[in-house]
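Computed from the coordinates by the stated procedures, all read-outs in this text should not be read as laboratory data. Just so you know, these numbers come straight off a predicted model, no measurement behind them. Backbone-built Cβ (ideal geometry, glycine too); neighbour counts: all protein chains shown.
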Amino acid sequence: MKNNNLFAALHAAFPTDLDRTAIETADGPGAPLYYRWRDLERGTAMLANLLRSLDLPAGARIAVQTEKSVEALMLYLAVLRAGYVYLPLNTAYQAGEIEYFIGNAEPSVVVCSGRNFGWVSKLAFKAGTRNVFTLNDDRSGSLLDRAALMSDRHEVAQRSDDDLAAILYTSGTTGRSKGAMLTHANLLSNALMLKDYWGWRADDVLIHALPIFHVHGLFVASHGALLAGAKMIWFAKFDARKVIERLPEATVFMGVPTLYVRMLAEPGLSRQSCAHMRLFIAGSAPLLLETFNEWTARTSHTILERYGMSETVMLSSNPYDPAQGERRGGTVGLPLPGVGLRIRDDKGHPLPAGEIGHIEVKGPNVFKGYWRMPEKTADDFTTDLWFKTGDVGKIGSDGYVTIVGRSKDLIISGGYNVYPAEIEGYVNEMPGVAESAVIGVPHADFGEAVVAVVVRKPGAALDGATIGAELKTQIANFKVPKAVFVVDDLPRNAMGKVQKNLLREQHKALFTG
Ligand code: MCA
Ligand code: AMP
């Protein structure tokens with residue numbers, strides 16, 4: 001019987017010469033370290049055997065909040081290999097956020113950094129998790145200690161298309177995160193299609209400088225290189241100057257727009273430094289036309305912008321092959337092969353080319369639903385089972401898709417999503433606060449920045465700095481507003497709804513000068 005485990009496909013793509021370098025670390029403890037394909041093979045087998053030895057129930061979730069390292073990537077691959085469900089968590093999440101994810105997902109195993117073991121294990125044990133391991137970015141911790149005792153032979157667990165491979169938490173408009181359930185077929189179909197569409201080759205060298213707890217770094221970048229049998233230059237942390245220094249050895253780079261903005265600010269970025277490059281890919285947030293044009297002028301390379309979501313992996317892409325069309329700045333290109341993308345009005349009626357409406361999608365890449373939220377899942381699909389993305393856009397008569405906004409109240413800051421409702425929830429709990437409105441305003445570095453406008457209760461002494469400092473102790477740092485304004489009331493329309501558009505207009509020049 002064919003094994004539809006995503007790992008089986010990645011494994012089958014390992015080169016015959018297992019002694020070739022698969023990953024070279026560019027920073028972090030001990031760099032440069034060279035990991036051969038054989039190391040990935042043995043390391044994932046040992047980790048998978050460790051998981052198997054724990055006698056976990058079928059479909060067990062393995063929740064992971066660790067710093068980026070090659071071992072952390074191997075842990076992801078080992079979870080697939082052993083047939084369990086991977087649940088990555090942003091390293092910036094604090095105790096309150098982690099408590100929610102662990103309580104909601106009920107993982108059988110939690111892996112965290114050694115420095116967080118105290119509080120993470122307490123939360124995990126309270127939620128019923130029996131196994132908590134540590135993994136540090138210097139190859140220490142109980143996970144690797146235990147795995148070292150395991151056999152380095154492991155037969156890849158049999159999985160079918162519909163079995164879960166990963167759950168990615170993505171914030172909800174009501175404030176609480178939803179776990180998007182992605183199957184082996186969702187991930188594999190998308191990865192195989194992108195391998196062809198973007199022309200991945202065995203002699204490619206990918207600069208991997210994104211975090212590995214989101215779709216972009218974990219799936220799109222890693223799967224691409226692994227399926228091609230291509231080498232990765234592995235950055236635990238993005239540093240524009242250091243990345244530019246490695247471009248002459250590389251062929252592919254992927255980043256959120258902030259990474260491109262920061263590289264453009266470096267004098268070392270030139271036509272010459274990019275001469276060996278084959279492809280620059282951008283996504284996760286809108287790439288400004290200004291950045292797109294400046295990049296072409298500086299490097300002679302045209303950035304390929306694509307569009308995706310945690311629930312769907314990749315949906316559309318500008319063409320790689322010039323025969324299929326130009327890479328057009330300000331657009332997210334054409335729907336990818338096998339992906340259906342349509343535009344509907346508020347009532348669900350089809351709209352003609354060029355008209356703006358809600359983007360809906362369908363395809364083998366579209367997730368199975370939200371973890372333990374059947375009603376939310378049903379709400380987000382149309383009656384003919386297209387997924388409502390919450391993005392607003394249009395399709396031109398030539399098929400190019402342009403995103404013009406979002407119907408969901410969402411801020412994307414440096415490629416990370418921030419849901420205003422979640423932040424407003426925290427602010428509204430604070431003493432002296434009557435209500436609040438959290439908005440996104442243009443930011444030269446992060447694209448959008450989070451700003452809070454807070455209404456004080458009559459007579460209350462409130463100041464923005466204290467509110468910001470308090471939030472910093474409660475939520476991930478990238479969600480903390482870059483500015484907090486205390487006011488007497490919020491602008492409202494005739495229906496009593498807060499007019500966030502007016503607040504955005506009022507504060508639009510805050511971070512752009
Ligand atoms: C860091 N800071 C931020 C952000 N990142 N503030 C707002 N937005 C951010 N994204 C703040 C921290 O709170 C901290 O502030 C200060 O910057 C320094 O933190 P540090 O971690 O050192 O920052 P950095 O290393 O410069 O990080 C910036 C970054 C990072 C490299 C742009 O945010 C990043 O890696 N972003 C990529 C996210 C990503 O991979 N997204 C893909 C999602 P303070 O000192 O005051 O606390 S996948 C997806 O969206 C879909 C499916 C798709 O299409 O791909
Ligand atoms: P996430 O919840 O992290 O999966 O974020 C998905 C959202 O990121 C999408 O619904 C879009 O709003 C946004 N997004 C991803 N890629 C792009 C892009 N190239 N341009 C504009 N928005 C994007």
With label points set 7 Å from each Cα along the Cα-to-Cβ direction at D145 and E505, the distance between them in nm comes to 6.1 nm
Taking r as the C-beta separation of K2 and Q474 and R0 as 51 Å, the FRET efficiency to the nearest 0.05 is 0.60
Among S140, T170, S151, the residue whose Cα sits farthest towards the positive end of the charge dipole of region 140-189, when +1 is placed on the Cβ of each Lys and Arg and -1 on the Cβ of each Asp and Glu, is T170
Counting sequence-distant residues (5 or more places) and residues on other chains, those with an amide H built under 5 Å from that of L334 are S317, N318, V401
Expressed in angstrom and rounded, the centroid-to-centroid distance over alpha carbons for region 246-279 and region 442-506 is 35 Å
At q = 0.05, 0.06, 0.08 1/Å the base-10 log of I(q)/I(0) from the Debye formula over the alpha-carbon atoms of the chain is -0.19, -0.28, -0.50
With bins of 5 Å, the percent of all Cα-Cα pairs of region 49-98 per bin from 0 is 5, 19, 28, 21, 15, 10, 1
By the mean-Cβ-within-10 Å protection proxy, highest first, 219-228, 5-14 rank as 219-228, 5-14
One would report the Cα pair-distance distribution of region 249-289, bin width 10 Å, in %, as 27, 57, 16
Cβ density ranking, 10 Å radius, fewest first, applied to M150, M181, M232, M495 yields M495, M150, M181, M232
Taking S300, S284, S177 and counting other beta carbon atoms within 10 angstrom, the fewest-first order is S300, S177, S284
Per-residue ellipticity at 222 nm attributable to helices in the chain (runs of n ≥ 4 DSSP H, -39500 (n - 2.57) apiece, nearest 500 deg cm²/dmol) works out to -8000 deg cm²/dmol
Expressed to two decimals, region 173-252 has a Cα Rg over Rh, using the Kirkwood radius, of 1.05
Kirkwood Rh over alpha-carbon pairs of region 277-347 plugged into Stokes-Einstein at 25 °C, 0.890 mPa s gives a D in µm²/s of 188 µm²/s
Heads up, region 1-118 by the C-alpha gyration tensor (a ≥ b ≥ c square roots of eigenvalues; a/c under 1.5 rounded, else a/b over b/c prolate, else oblate) looks oblate
Across 10 Å bins beginning at 0, the whole-percent shares of Cα-Cα pair distances in region 354-452 come to 13, 31, 35, 17, 3, 0
Here the relative contact order (percent) of region 266-396, from C-alpha pairs under 8 Å and at least 6 apart, is 18 percent
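Mind checking the alpha-carbon convex hull of region 239-361 and giving the volume per residue in Å³? List each step's numbers first, then the result.
Working: hull volume 15.2 nm³, N = 123.
Spread over its residues, the Cα hull of region 239-361 gives 123 Å³ apiece.
Is there a quick way to get the dipole size of the chain? I mean about its Cα centre, with the Cβ of Lys and Arg at +1 and of Asp and Glu at -1; what is the value in debye to the nearest 20?
For this selection, approximately 280 debye.
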Whole-Å distance linking the alpha carbon centroid of region 332-406 with that of region 291-330 is 20 Å
